[in-house]
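What follows is a short report on a single structure.
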Amino acid sequence: MPELPEVETIVRGLDPGLRERAIAGTELLFPPLLRRASARDLAALVGKRIAGVRRRGKMIVIECRGGPTLVFHLKMTGQLLLAEPGAPRDKHTRLVITFADAASELHFRDIRKFGFLLCLAQTPHGTRAGHDAGAADTCAELASLGPEPLAVTSDEFAGRFAGKKARIKGLLLDQTIVAGIGNIYADEILFDARIQPETPASSIGREGWVRLWKSTRRILNKAIRAKGSTVRDYVDTSGRAGRFQFSHRVYDREGEPCRACRTPIKRIRVAGRSTYFCPSCQRKRRRVVSTHITMLPKR
DNA sequence: AGTTCCCTGAGG
DNA sequence: CCTCAGGGAACT
């Protein structure tokens with residue numbers, strides 16, 4: 001379940017590891033991985049150097065100098081691994097990219113085959129990493145994304161929800177409103193902001209939006225520092241698990257005591273997703289005086 | 001805005 | 001055997 005913090009961790013592992021390296025070849029072991037292109041289009045990568053790797057929402061953008069741009073979405077079980085050259089491929093390995101220097105190779109694994117790869121033709125002008133919009137940002141998958149939650153002001157953040165009446169949990173998952181939040185972090189952010197997940201956006205007051213914005217920043221930044229959450233399949237580019245799952249307050253803790261008030265955590269279904277919250281700390285339409293929850297000691 | 005589906009593995 | 005996990009598209 002790579003969400004923003006996991007994808008950010010992967011990008012931070014890939015960028016220094018891949019920058020300026022020349023691609024020697026590609027092996028597409030599961031052709032449906034590649035959307036709107038064929039394995040032949042990947043041949044345009046050979047001989048090109050990687051200009052940089054960046055993140056947009058939950059997507060990973062790899063730009064090549066004078067060559068195509070690759071966009072990966074890992075969905076739930078996708079992994080990008082920097083492997084030893086000739087490292088064994090298992091039945092879940094979908095793509096291997098090799099490099100001229102043979103220092104390492106890039107493996108894409110995906111148990112459930114939900115992930116996808118775009119190979120976007122080079123734009124006539126810019127190919128500098130991270131600056132020019134280039135091919136990537138104008139493709140449908142990226143163009144539809146809302147802003148980065150860590151790059152907006154509290155007013156911009158609240159403005160993205162203006163006029164929406166749906167339940168806040170569902171809106172946090174909507175990538176066109178704000179990009180990068182998935183099921184785990186939506187629940188953790190709402191707990192931190194003490195907002196009940198079914199609260200209609202229209203009934204969140206001004207201070208509620210500021211709290212939600214602050215909690216979004218706090219939780220995502222903490223999770224990035226912990227290199228993400230490993231609940232099931234997520235590992236970074238070295239195959240290592242994250243550590244933020246040990247800091248989860250509500251996600252996957254049904255029936256366990258709230259770390260703030262010991263009330264058992266509830267699980268409900270919102271927007272088709274399991275949703276965990278503390279029925280005491282996250283009461284509906286509750287005016288909250290203090291911004292800070294004091295955590296009880298563990299056990 | 002809610003439901004179904006894609007897919008595979010884990011757990012009951 | 002069954003259900004569940006969940007990002008996002010496609011449907012109703």
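The values are calculated or read from the model by the stated rules, or taken from the named source; none is laboratory data. Everything numeric in this text was worked out from a predicted model, so none of it was measured. Here the Cβ is made from the backbone with ideal geometry for all residues, glycine too, and neighbour counts use every protein chain on show.
The residues of the range A:14-43 that are among the aliphatic types (A, V, I, L, M), at pLDDT 95 or above and over 22 Å from A:HIS92 (Cβ atoms), listed by number, are A:ALA22, A:ILE23, A:ALA24. Every listed requirement among (1) farther than 15 Å from A:HIS248 by Cα; (2) within 16 Å of DNA strand B (Cβ to nearest atom) is met by A:GLY182 save one, (1).
Determine if the range A:271-282 includes at least one residue that is assigned to a helix (DSSP H, G or I) and either basic (Lys, Arg) or more than 23 Å from A:ARG112 (Cβ to Cβ) (or both). No, the range A:271-282 contains no residue that is assigned to a helix (DSSP H, G or I) and either basic (Lys, Arg) or more than 23 Å from A:ARG112 (Cβ to Cβ) (or both).
Would you mind stating whether A:ALA24 is outside any helix (DSSP H, G or I), in contact with a Phe, Trp or Tyr (Cβ under 6 Å, 6 or more places away or on another chain) and not acidic (Asp, Glu)? Judged against the criteria, A:ALA24 is a match. Residue count for the range A:32-46 satisfying the condition of being surrounded by 14 or more Cβ atoms within 10 Å (Cβ to Cβ) and not hydrophobic (A, V, I, L, M, F, W, C): 1. Taking the criterion of being out of contact with any helix residue (DSSP H, G or I) (no Cβ under 6 Å at 6 or more places or on another chain) and either part of a helix (DSSP H, G or I) or on the phi < 0 side of the Ramachandran plot (or both), the residues of the range A:40-51 that qualify are A:ARG40, A:ASP41, A:LEU42, A:ALA43, A:ALA44, A:LEU45, A:VAL46, A:LYS48, A:ARG49, A:ALA51. The residues in the range A:55-69 that are part of a loop (DSSP other than H, G, I, E, B), within 16 Å of DNA strand C (Cβ to nearest atom) and of a type in the set (Lys, Arg) can be counted, and the count is 1. If you go through the range A:151-165 and keep only what is aliphatic (A, V, I, L, M) and surrounded by fewer than 15 Cβ atoms within 10 Å (Cβ to Cβ), you end up with A:ALA151, A:ALA162.
Which residues, counting only those in the range A:72-119, are free of Cβ contacts under 8 Å to residues at least 60 places away in the same chain and away from DNA strand C (no atom under 16 Å from the Cβ)? Selection gives A:ALA83, A:GLU84, A:PRO85, A:GLY86, A:ALA87, A:PRO88, A:ASP90, A:LYS91, A:GLU105, A:HIS107. The set of residues from the range A:1-21 being out of contact with any Leu (no Cβ under 6 Å at 6 or more places or on another chain) and within 16 Å of DNA strand B (Cβ to nearest atom) comprises just one member, A:MET1. Considering A:GLY182, A:GLY239, A:GLY272, which residue is buried (at least 20 other Cβ atoms within 10 Å of the Cβ) and not assigned by TED's automatic domain parsing to the domain that holds A:LEU18? Going through A:GLY182, A:GLY239, A:GLY272 in turn, just one is buried (at least 20 other Cβ atoms within 10 Å of the Cβ) and not assigned by TED's automatic domain parsing to the domain that holds A:LEU18: A:GLY182. For the range A:72-124, filtering for residues that are within 16 Å of DNA strand B (Cβ to nearest atom) and either surrounded by fewer than 18 Cβ atoms within 10 Å (Cβ to Cβ) or under 20 Å from A:GLN175 (Cβ atoms) (or both) leaves 18.
Can you tell me which residue within the range A:153-203, out of those that are in a loop (DSSP other than H, G, I, E, B) and hydroxyl-bearing (Ser, Thr, Tyr), is nearest to A:LEU220 (Cα to Cα)?
A:THR153
When the range A:219-235 is filtered for residues that are touching a Ser or Thr at 6+ places or on another chain (Cβ under 6 Å) and either assigned by TED's automatic domain parsing to the domain that holds A:VAL53 or surrounded by fewer than 22 Cβ atoms within 10 Å (Cβ to Cβ) (or both), only A:ASP233 remains.
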